[in-house]
Amino acid sequence: MLSRKLKDIVAQRAMFLLCLFILSLAFLMAFGLYQRSKPILAIKSLKDLLFSHKWHPTQGQFGLASFIAGTFWVTLLALILAVPLSILTAIFISEYAPKRIRDFIKPIIDLLAGISPVIYGVWGVIAIVPLVRDYLMPFLSQKLPFFPFASDNYTGFSALTAGIVLAVMVFPIIISVIEEVLRTVPFEIREASLALGATKWQTVKYTVLRKARPGIIAAIILGLSRAFGETMAVLMVAGCDLHGFPKSIFDTAYPLPALIANTYGEMMSIPLYDSAVLLAALFLLVITALFNMLGWGILLHIERRQS
Amino acid sequence: MNKRKIEENIFKVLMVFSTSLVVGSLIFILITIFSKGFPALNLDMITKTPKGGYYLGKEGGILNAILGSIVLGIGATILALLISLPVVFYLNLYLKKKSKFAFLVRFFLDVLWGIPSIVYGAFGFMMMLFLGLQASLLAGIITVSLLILPIMSRSMDEVLKMIPLELKEASYALGANKLETSIKVVFRQALPGILTAILIAFGRGIGDAASVLFTAGFTDYLPYSLFKPVATLPLAIFFQLGTPFPEVQERGYASALVLTVIILSISILSRFLSKRFTKHVIK
């Protein structure tokens, strides 16, 4: 009798400790990365590191600004492509599609979420790079020779290529979150609107979407953070060549995660290099954690209001 | 009246167009990988390890990376399971439904899920420096297990949430305590869902490259020790594509096909299992 009770108590304690481990993991990661980036923070101010665009590791200059700008540039392109398509798809799945089609589409979106980033990268190299190189770039860059289309990069490895690949990668998260949010909108609201003589689209536009707006914003934030931290696929298709701030969607881009991945091998041989790279990882951690807290916070708030 | 109808139809067309584009992108990816990878695939690729000069176009295969990825994936999945199984049972059986603590743990799991894998890789690398380890199978397993911990826990959590309260109450009424109820009743009932969660996490772990880049290293040998570097399939693809030789790049396409097939089979298997393993489930 005693041993049964003892087992239960011991198990309970152990489980509680594992929960504490999960709670502390994010802080542990932040603290560890901070410890390792201290050497560079000791001689350079954070402002210098984040806002200077002079990146010459061999001369001791570690300005991350152009990488950060590259990350935002690529993420922005991905979201411009992904957000409208995801919203329309989610509305279609939850409001219009018959059950049969919904049951067909949802596993496909799950599958899309499960594909390895490297596979997206290979697809980008085989399919999207030639598309940009042979069609989009020559066409747009000649017809519209101004910002943000003018460029002299004819390789096809560009910010836009990365944006297209990233857009496909963030489809699943944005669509599934929006679809979930749309499902929480009470059915009575739709019926009331339809009863007033509104068409289906009007119902969606004026009532359902209005009610779901915070959730849609949360979905976009979560997609944004996903695109922000994506590494391998971007590394493979963005060109990753450094020349200051992005000036065109057809120029190469060099986002922060790609920088971290690319320093593999060389970073221990140059003084302070590893410190700068781990600082970049810390920056990435803080930004994505904040985005995720905001996104999930909004969703939890919605869920609470429901119950 | 007419204008409303036109607007309705325009948006309907746009919606069908977007949905086809999303579905089409998956089909496009699969067709691209299969059509480019299949011609380059041969038996040597999956049964041999790289010989000298493999990355210059000489003989060999990627067996080292296939096995490495599987070993690393299994190790990481087991380690993650050892943490996430107790955690989700604690959240769902030991804590009250409206518990603040459970709320907080779930929130943190969600946030951890969104942290990019390269950050896990950097953290793993940092731990290696701290512990004096070199890039090894063990470091890779630890890093990937942290990476897949949130997705595994959250999908198991969703399964356990669905377990009917009556089932637990019936078990308590028979005098079983919470631990016994967890292991003997809830676990069996949730088994199909738990298996699905394990497979999802395994699929994610096997496909990730950014987290193992620093931590697992790369080698031409088959995995044989926890403390030696191990090759992984995503990195093998990445390296082969990065060479300037067309024949090596084509092998990269073939390797991508192998990885895609592995991930697709895991996904199909998980669907199959969740239907099959319902023997002990009370409906």
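In the protein assembly as shown, the calculated helix contribution to ellipticity at 222 nm averages -23500 deg cm²/dmol per residue, counting -39,500 (n - 2.57) for every DSSP H run with n ≥ 4.
Overall shape: oblate for chain B, with the ratio a/c of the largest to smallest alpha carbon gyration tensor axis at 1.5 or above and b/c at least equal to a/b. For chain A, the equivalent ellipsoid derived from the alpha-carbon gyration tensor has semi-axes of 37, 33, 17 Å in decreasing order. Here the residues A:L18, B:L91, ranked from fewest to most Cβ neighbours within 10 Å of their Cβ, fall in the order A:L18, B:L91.
Among the listed pairs A:K5/B:K161; B:K51/B:K228; B:K98/B:K178; A:K5/B:K100; B:K58/B:K228, those with a Cα-Cα distance over 23 Å are A:K5/B:K161; A:K5/B:K100; B:K58/B:K228. Placing unit charges on each Cβ (+1 for Lys and Arg, -1 for Asp and Glu) gives the protein assembly as shown a dipole about its Cα centre, and among A:F187, A:S151, A:P39 the Cα reaching farthest toward its positive end belongs to A:F187.
Oblate is the label for segment A:1-115. Its Cα gyration tensor axes, ordered a ≥ b ≥ c, give a/c of at least 1.5 and b/c at or above a/b. Once you divide the Cα radius of gyration of the protein assembly as shown by 2.2 N^0.38 Å, the number left is 1.00. Here B:S155, A:S225 are placed in order of increasing Cβ neighbour count within 10 Å, fewest first, which gives B:S155, A:S225. A Cβ-based charge dipole, computed about the Cα centre of segment B:47-276 with Lys and Arg at +1 and Asp and Glu at -1, lands at about 680 debye.
Sort segment A:48-166 into rounded, prolate or oblate with this rule: let a ≥ b ≥ c be the square roots of the eigenvalues of the Cα gyration tensor; rounded if a/c is under 1.5, and if a/c is not under 1.5, prolate when a/b is larger than b/c, oblate otherwise. Prolate, because a/c is 1.5 or more and a/b exceeds b/c. By the beta-carbon count within 10 Å of each Cβ, the least crowded to most crowded order of B:R251, A:R226, fewest first, is A:R226, B:R251. Screening chain B for DSSP H helices whose Cα atoms reach 30 Å or more along their own axis and whose mean Kyte hydropathy is at least 1.6 gives B:63-89. Tell me, what is the FRET efficiency for A:I43 and A:F21 to the nearest 0.05, using R0 = 41 angstrom and their Cβ-Cβ distance as r? Computed FRET efficiency for A:I43 and A:F21: 0.75.
Coordinate-derived values only; no laboratory data. Values in this document were obtained by computation on a predicted structure and should not be read as measured data. Here Cβ is always computed from backbone atoms with ideal geometry, including for glycine, and neighbour counts include all displayed protein chains.
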